[in-house]
2 protein chains.
Amino acid sequence: MKKLTLLFVCILFASEGIAQTSNVQDSLTMRSIYDMALLNGKSYDWLDYLSNKIGGRLSGTLNAEQAVNYTEAELNKLGLDKVWLQPVMVPKWTRGFPEYAYLETGPGKSIITNICALGGSVATPDLGIKAEVIEVQGIEDLERYGRAQIEGKIVFYNRPMKADLIHTFEAYGGCVDQRYAGAMEAAKYGAVGVVVRSMNLRLDDFPHTGSMTYGDAPASERIPACAISTKGAELLSNTLKLLPTLEFYFKQNCKIYPDVQSYNVIGEITGSTYPDRYMVVGGHLDSWDLGDGSHDDGAGCVQSMEVLRLFKKINYQPKHSIRVVLFMNEENGLRGGRKYAEEAKLKGETHVFALESDSGGFTPRGFSFDIDDEDFAQVKSWETLFKPYLIHYFEKGGSGADIGPLKEKGMVLAGLRPDSQRYFDYHHAASDTFEAVNQRELELGGATMASLVYLFDKYGTKSELKSIKN
Amino acid sequence: MKKLTLLFVCILFASEGIAQTSNVQDSLTMRSIYDMALLNGKSYDWLDYLSNKIGGRLSGTLNAEQAVNYTEAELNKLGLDKVWLQPVMVPKWTRGFPEYAYLETGPGKSIITNICALGGSVATPDLGIKAEVIEVQGIEDLERYGRAQIEGKIVFYNRPMKADLIHTFEAYGGCVDQRYAGAMEAAKYGAVGVVVRSMNLRLDDFPHTGSMTYGDAPASERIPACAISTKGAELLSNTLKLLPTLEFYFKQNCKIYPDVQSYNVIGEITGSTYPDRYMVVGGHLDSWDLGDGSHDDGAGCVQSMEVLRLFKKINYQPKHSIRVVLFMNEENGLRGGRKYAEEAKLKGETHVFALESDSGGFTPRGFSFDIDDEDFAQVKSWETLFKPYLIHYFEKGGSGADIGPLKEKGMVLAGLRPDSQRYFDYHHAASDTFEAVNQRELELGGATMASLVYLFDKYGTKSELKSIKN
């Protein structure tokens, strides 16, 4: 079958003449990348270790430290030109246990429901918080209800993700302000706590955590905030309709500590032609603490490591210096992404391309690009190369949080776009575990990333070519 | 967001002038189809019932009968113009319990492994079969080994699915002859039984059943055949390397009964313009007995029912008569598909289009078409309509087993093509259960099918248009 494929590729391009030689070469290289990933990929094994031997890797924890050590050691086995740790100070927030909640519908009558503290939230008082609840559909409702109806109550943000959006990340974007800024805004109206519907398109029992902010509010004005599972949110909403005076109780034990030392993990294959021009491929090594962070973003880390491993395995010597960067602290600070960009600028390193995988380890569908028109035209010319691998999605849009700070004019940023339909079933929840990842889907993602990096390395970006000519 | 989408669609097409009015209408209709499916789809609820309240639906079983009654009753609730049962006689084969196997590596030393009888296999003798094993990589190896090395042994077919193929159905096609004809061929060399590596790309403990044939062999020459899980196959193969004389034992209790009465379940919306020209959308209602048949092919059935429900819900009155056909007995006989085609011919019904969903309930990627060039050109012109729904795959190829017998010159056959990476993890195994289906992915499939049927209904097929003109 492989021979037949090669023959087919050759015939296909032979008919278009010698000008297509490079295209034939690209087809063959991509085929060898995909074959290597599907037959002897390493992403799944690495993820097994990260997820099952280490587990959730919240910044500042021992698990995060273990993940730094493990991935550094694994990169050291790949025969790269350099592997190092880039120090970065990260915030340290701990959840504390137990955390729990119930609806009190009468004296001695309560219904237990599943919650989890939002990342960065303060604790409740030792005895917990119990108060009446006001349900809203978003921050914009607060003004309408006003202090008179909100003061002393728990604000329940219950705007669900819009199920009719095909891109689930859009649906997430349409809700996440409730989680991120809901507590800060509700406190301004005298709320004593916040419960946020989990950012999940399924109805299930998992609460989904995620980052939140208090802005510049003084400690005295910071109110505790938790996420409630989608089933819990339906229960609370329906019960409120029957009994608007019910009280909601929750207890959480979070703590914020001083920043601690951590690291970005970096490996490099030094470029043969442009050793001082860099291309980055990465994901974030930290994760939330509830699951084991397999989809978010263990997958992106191992796929990024795999890109460099695949280049070594197929004996591809890149022209540019290709770096894998496993960023620390994307989830609750973005310190790693900022640090990497800051140092790159300090050292005057020229970065021409960066690719992040941080949308789960599902079947890859394509890429989203933060890119100029000229470079985008070049990407479009590669579409046929990707078609045999069922990679069809090449659109302008966002890339990835960690590589965002690197952006400079002319630089190309890209984000891997896997199938997103299941992603928010797992995102930031205890259900984000290794079992939810399919080996082939994961390995296909690494091969797809390696193929794009290969093409950008070989042909360069347009602004890069201009600057080299000048 | 919906308003924005509509606005965008309008602007997009307005710029191309009035000739595009129909395209705007098509965009709007498709948007309403997808909205209805994602916000108020019924596929998932129907599948929940089929899978969890009924379960596996092997032809000739009480479960299959329950599924006929349930889906007929559900179709009757949709306000279709006609709902009926089409009688069809189906084979009845039962697995019988228990079935089990072990490797005997010495007196009293055995390693238990997971097997299941292949569908249609005969039983072992009451005490089971125990014999030495000869491992082969396919039917073509039999001739090379010859009767001298095969006689009296159990043939172990261990050619794995090729992991480097992107289309997993191709990998399946490259192995399934071992399962289908392996016993029949091995018997010709004097083998006493057959063990076949499960058609599964994962390494796990589930044996995967599936149909097999003895051709015209007399009862005395029919040897029992089972599937072994992929982990079991690795174990057997590795142990054989250490101990080529090990004996394999298996016991199964299958029975074949006379054919029994069953039914295809059919519902119709009668066409407003061409009531005597038919378009079919379907899946198969029977399944194997090990799991609950959620992906294969409960998904295809409920998606097909959903197509007609969506048309009613959005008030689309089709020009052609649109039939949903839930075919009986695809898995071990194809009697339902043959019966439907036979009756259609007897009655002189003109079928112009048929679409089958029988590749799992995963995120839809597009369609494969058995189609003339002219009609294919029309399909290609619809690609942009599907792009907002991330439906990119439109290729010539196979359609579906049940609709195959309907094929006549000029008729268009199509098969839904969902993402296939996980499909063979579940196919024909106890792991094919409702939990493996994601609601959004399933509902997206139904909406995608409805959109294609809508377009073919509205614009007709090219050969149909010619015949109408003449």
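The values are calculated or read from the model by the stated rules, or taken from the named source; none is laboratory data. Since the model is a prediction, treat every value here as computed from it, not as a measurement. With ideal geometry, Cβ positions are generated from the backbone for all residues, glycine too; neighbour counts draw on all protein chains shown. To get the accessible areas, we keep the full protein, side chains included, count just its heavy atoms, and leave off ligands, DNA and RNA. Shrake-Rupley method; radii C 1.70, N 1.55, O 1.52, S 1.80 Å.
List of remarks:
- Average accessible surface for region B:241-344: 31 Å² per residue, computed with a 1.4 Å probe over protein heavy atoms with every protein chain in place.
- Surrounding net charge for A:ARG335, when Lys and Arg each add one and Asp and Glu each subtract one, Cβ distance under 13 Å: -4
- Considering the rotation that superimposes chain A on chain B, the residue of A whose beta-carbon lies nearest the axis, and that distance in Å, is A:HIS392, 2.
- Taken residue by residue and averaged, Cβ atoms of other chains lying within 10 Å of the Cβ of B:159-165 number 4.
- Taking all protein chains together and a 1.4 Å probe, the residues B:THR105, B:THR168 rank B:THR105, B:THR168 from largest to smallest accessible area.
- Interface residues in region B:363-390 - accessible area drops by 40 Å² or more relative to the isolated chain, probe 1.4 Å: B:THR363, B:ARG365, B:LEU390
- Relative to the longest principal axis of the Cα atoms of chain A, the long axis of helix A:21-40 lies at roughly 50 degrees.
- Sorted from closest to farthest, the other copies place their B:LYS53 label points 4.8 nm away, with each point set 7 Å from Cα along Cα→Cβ.
- Overall form of the protein assembly as shown per C-alpha gyration tensor (a/c, 1.5; a/b vs b/c): rounded
- Projecting label points 7 angstrom from Cα along Cα→Cβ for A:ALA73 and A:PHE97 puts them 2.5 nm apart.
- Solvent-accessible area assigned to carbon and sulfur over region A:289-406 amounts to 47 percent, based on a 1.4 Å probe.
- Length gained on full extension, A:ASP259 to A:TRP84: 60.9 nm, using 0.36 nm per residue less the C-alpha separation.
- Against chain B, whose longest principal axis is taken from its Cα atoms, helix B:2-14 shows a tilt of about 70°.
- Shielded by partner chains, region A:26-41 residues - at least 50 Å² of accessible area, 1.4 Å probe, vs chain alone: none
- Ranked by the mean number of other Cβ atoms within 10 Å of their residues, highest first, the peptides B:190-202, A:32-44 come out as B:190-202, A:32-44.
- Count Lys and Arg as plus one, Asp and Glu as minus one, and take only other residues whose Cβ is under 10 Å from that of B:GLY404; the net charge is then -1.
- Each copy carries B:LEU465; placing its label point 7 Å along the C-beta direction from Cα gives inter-copy distances of 4.1 nm, listed from smallest up.
- Relative contact order, whole percent, for chain B stands at 21, derived from Cα pairs under 8 Å and 6 or more residues apart.
- Theoretical FRET efficiency, 1/(1+(r/R0)^6), r = Cβ-Cβ of A:ASN52 and B:GLN25, R0 56 Å, to 0.05: 0.60
- Averaged over the residues of B:419-425, the number of partner chain Cβ atoms lying within 10 Å of the residue Cβ comes to 5.
- For B:LYS82, inter-copy separations between label points set 7 Å beyond Cα along the Cβ vector come to 7.6 nm, shortest first.
- For A:LYS312 and B:LYS409, a Förster radius of 35 Å and the Cβ-Cβ distance give a FRET efficiency of 0.05, rounded to the nearest 0.05.
- The residues neighbouring B:PRO258, those whose beta-carbon lies less than 15 Å from its own, together hold a net charge of +2 under the Lys/Arg +1, Asp/Glu -1 convention.
- Here region A:316-337 and region B:197-217 have alpha carbon centers that stand 44 Å from each other.
- Counting only DSSP beta bridges whose two residues both lie in the protein assembly as shown, roughly 55 percent are antiparallel.
- Carbon/sulfur fraction of accessible area - region B:96-253, other protein chains in place, 1.4 Å, %: 55 percent
- Per residue solvent-accessible surface (Å²) - region A:104-145, probe of 1.4 Å: 52 Å²
- Fraction of antiparallel bridges per DSSP, region B:338-470 only, in percent to nearest 5: 45 percent
- Computed on protein heavy atoms with a 1.4 Å probe, the accessible areas place B:ASP286, A:ASP259 in the order A:ASP259, B:ASP286, largest first.
- Seen against the Cα atoms of chain A and their longest principal axis, helix A:230-242 is set at about 30 degrees.
- Modelled label positions at B:GLU374 and A:ALA148, each set 7 Å beyond Cα in the direction of Cβ, lie 7.3 nm from each other.
- What separates the Cα centres of region B:19-66 and region A:350-416 is a distance of 34 Å.
- Spatially proximal lysines relative to A:LYS313 (Cα-Cα < 25 Å; intrachain offsets below 8 disregarded): A:LYS2, A:LYS3, A:LYS42, A:LYS77, A:LYS82, A:LYS387, A:LYS458, B:LYS162
- Heavy-atom accessible area, probed at 1.4 angstrom with all protein chains present, ranks A:TRP84, B:TRP288 as A:TRP84, B:TRP288, highest first.
- The A-B contact accounts for roughly 3300 square angstrom of buried accessible surface, both chains included, probe 1.4 angstrom.
- Förster radius 25 Å - calculated FRET efficiency between B:GLU132 and B:GLU234, Cβ distance, rounded to 0.05: 0.85
- Peptides A:401-408, A:137-144 ordered by packing proxy, namely the average of other Cβ atoms within 10 Å per residue, highest first: A:401-408, A:137-144.
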